[in-house]
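To start, the structure itself, in structure tokens.
The values are calculated or read from the model by the stated rules, or taken from the named source; none is laboratory data. Source: prediction; values computed, not measured. All Cβ positions, even for glycine, are placed from backbone atoms using ideal geometry, and neighbour counts span all protein chains on display. Just the protein is used for accessible areas: all its heavy atoms, side chains included, with ligands, DNA and RNA removed. Shrake-Rupley method; radii C 1.70, N 1.55, O 1.52, S 1.80 Å.
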Amino acid sequence: MDHSQQRRAITVLGATGSVGESTLDVIARNPDRFEVIALTAHRNVEDLARHCARFNARYAVISDATRLEALRSALAHHGATAEAQAGPQALLDAVAHPEVQVVMSAIVGAAGLAPTLLAAERGLTLLLANKESVVIAGQLLMDAARTSGAKILPVDSEHNAVFQALPARFDPLHPEALATCGVEKIILTASGGPFRDTPAAELEKVTPEQACAHPNWDMGRKISVDSATLMNKGLELIEAHWLFGARPDQLEVLIHPQSIVHSMVCYLDGSVLAQMGTPDMRTPIAHTLAWPDRCEAGVERLDLASAGQLSFSAPDTNRFPALNLAYEAMKVGRSAPITLNAANEIAVERFLQGAIGFNRIAAIVSRVLDETPTEEIRSIEDIMQHDHRVRARALEHCAGEER
Ligand code: NAD
Ligand code: MG
């Protein structure tokens, strides 16, 4: 197919991360489809400059402003012509350049919110991997898309699977979106993470390295820990609530250790539609990049005969309490998901730094949720204020626990 007439202008936020680099890999396989406008990273100037040279990006953006000079030298070293920019405003500009049509949102954590929301406000096509921004600002994001006409395409593998199993006419902005398509419920699958079969008593002692060694997926460190606690699946429940307009009672989680069925949609006639594939983020990424077409993603093809077995079971919420904390936060609504996410980001960071034990992550999130009154959220400023307060509180709890 010749796409040269219609190369789309893309910015990749978080271009040096796991999802960001997989996105660039798919773009490299489809050079006639995309023109790279801006690539962003937090501190890693070396990889950012290398990617900018390879993709002939116009802007190289480093969010940590102290790294601007280092970025300039790295760009020169790699012979990249991209203009170097730094700081929070530059991150917003990466989205706001008038030529940008598509934004891949692949920053990790609440740090991705401002540019992600801006992409929705500007009516762009938003390829959404940064689940934390949906968790903390679902209403604002969906409202922005409603007003601007932005198209939000889910990159998270489960939500991408659900999106693929929904009819093309599904409109997430319609108040009865699922009902009008005859959908009864959505089942998100979870691999169960590296500690799926680890006895409760041993969970206390697991190390950051063990937590980051995911059996099926190769991901950034924060989401790897979230997968190990099942908080990732909890965040994904809230993500599905917003992206598909699903009520909490329409959302279920099933443990599926092979990570081949990426999620399912159950219809009122008894049909269950699933999307399958090998566990490689380049499939959902390519799906959103080419949508509504398809494009080559470079992934290994699924061979069900050699996979042999697909198994499913209910999650163990005693060993992995994070899932229920997320259900509760979703039901309470208002600022509760912001509290859940901020406390989790802090606890995960302190676990990765070796300061607190693995089991303390969910325990701290639970205590912070109990202590924090819920508030009305009307703006990104409300979100950031609540987020900062909760982070401070969560840090105090971590300090109280440090070993
Ligand atoms: P990662 O840690 O590998 O990469 C994160 C990227 O964000 C890097 O480019 C980094 O430079 C940038 N970044 C980090 N902190 C930042 C900050 N404060 N300001 C600006 N930029 C910052 O993470 P990842 O695994 O690629 O995940 C990215 C997002 O995608 C997360 O929200 C994650 O939950 C989601 N996601 C990831 C996967 C996966 O397979 N890795 C799957 C589904 C969803
Ligand atoms: Mg996922």
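Values as computed for the structure displayed
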| quantity | calculated |
| --- | --- |
| The lone exception for Ala177 - which of (1) away from ligand 2 (no atom under 14 Å from the Cβ); (2) free of Cβ contacts under 8 Å to residues at least 24 places away in the same chain; (3) out of contact with any Cys (no Cβ under 9 Å at 6 or more places or on another chain) it fails | (2) |
| Residue ranges of helices (runs of 4 or more DSSP H) in the stretch 1-106 with at least 1 members within 25 Å of Arg122 (Cβ to Cβ) and within 16 Å of ligand 2 (Cβ to nearest atom) | 18-29 |
| Top-ranked residue of the stretch 199-256 - restricted to ones that are of a type in the set (S, T, N, Q) and away from ligand 1 (no atom under 16 Å from the Cβ), ranked as nearest to His159 (Cα to Cα) | Gln250 |
| Lone unmet requirement of (1) touching a Lys or Arg at 6+ places or on another chain (Cβ under 9 Å); (2) within 14 Å of ligand 1 (Cβ to nearest atom); (3) assigned to a helix (DSSP H, G or I); (4) open to solvent by 10 Å² or more (accessible area, probe 1.4 Å) for Leu140 | (2) |
| Residues (in contact with a His (Cβ under 9 Å, 6 or more places away or on another chain) and open to solvent by 10 Å² or more (accessible area, probe 1.4 Å)) located in the stretch 158-188 | Glu158, Phe163, Gln164, Thr180 |
| Those helices (runs of 4 or more DSSP H) lying entirely in the stretch 302-403 with at least 1 residues over 23 Å from the mean Cα position of the chain (by Cα), surrounded by 15 or more Cβ atoms within 10 Å (Cβ to Cβ) and not aromatic (Phe, Trp, Tyr) | 359-371, 380-401 |
| For Ser227: the one exception among (1) over 24 Å from Asp25 (Cβ atoms); (2) modelled with pLDDT of 95 or more; (3) out of contact with any helix residue (DSSP H, G or I) (no Cβ under 6 Å at 6 or more places or on another chain) | (1) |
| Test: residue in the stretch 160-183 that is within 13 Å of ligand 1 (Cβ to nearest atom) and touching a helix residue (DSSP H, G or I) at 6+ places or on another chain (Cβ under 9 Å) | yes |
| Filter result (more than 24 Å from the chain's Cα centre (by Cα) and closer than 19 Å to Ile37 by Cβ) within the stretch 51-67 | Ala53, Arg54, Asn56, Arg58 |
